[in-house]
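Notes to accompany the following structure.
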Amino acid sequence: MKKVIATPEAPAAIGPYSQAIALGNLLFCAGQIPLDPQSNEIVAGGVAEQTTQVFKNIAAVLKAGGMTFAHVVRSTVFLVDLKEFGAMNAVYAQYFEEPFPARSTIQVAALPRGAQVEIEVTAALEA
């Protein structure tokens, strides 16, 4: 049975979706953009600052689901400009240790609210 995971420590879902869904030992997290959960505004700065906020939001959702970044097995990164990959990747590397999760990075035409980066993750408790 699937269970909705929600926390006020991350931006509220602004549409017909959940922050995360737990199913068995898996946690499927919706993509996070760099919204400050208190102001509901995009954080100031470039891709590095935005990526940092994205990871703060992801951490809150993972915690609400009883998990940490160590449980992440898959991530998808959406960037408006792949030239910013290095800046995003430098922040990304601060949140994961080996064995690193599988990852895809995709350039997109635009992201909600003018964000420059969005990241979604899937996490799993060991069976």
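Before I look further, what does the chain give for accessible area per residue, probe 1.4 Å, in whole square angstrom?
Numbers: 6910 Å² over 127 residues.
Result: 54 Å² of accessible area for each residue.
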Nearest 10 degrees, 0 to 90: helix 47-64 Cα axis against the chain principal axis: 10 degrees
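Rank-order 38-51, 4-17 by packing density, defined as the average count of other C-beta atoms within 10 Å over each peptide's residues, highest first.
Averaged packing, sorted descending, gives the order 38-51, 4-17.
Round to a whole number: what % of the accessible area of the chain belongs to carbon and sulfur, probe 1.4 Å?
That share works out to 56 percent.
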Normalised contact order of region 3-111, rounded percent, pairs of Cα under 8 Å and 6 or more residues apart: 23 percent
Environment charge of residue 35, counting only residues whose C-beta is closer than 11 Å and scoring Lys/Arg +1, Asp/Glu -1: -1
Compactness of the chain, expressed as Rg and Dmax over alpha-carbon positions, Å: 13.7, 41
Local net charge near residue 94, Cβ-Cβ under 15 Å (Lys/Arg +1, Asp/Glu -1): -1
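The values are calculated or read from the model by the stated rules, or taken from the named source; none is laboratory data. Remember, it's a predicted structure, so these values are computed and weren't measured experimentally. Every residue, glycine as well, gets a Cβ built from its backbone with ideal geometry; the counts of neighbours run over all protein chains shown. Areas reflect the complete protein model, heavy atoms only, side chains present, ligands, DNA and RNA absent. Shrake-Rupley method; radii C 1.70, N 1.55, O 1.52, S 1.80 Å.
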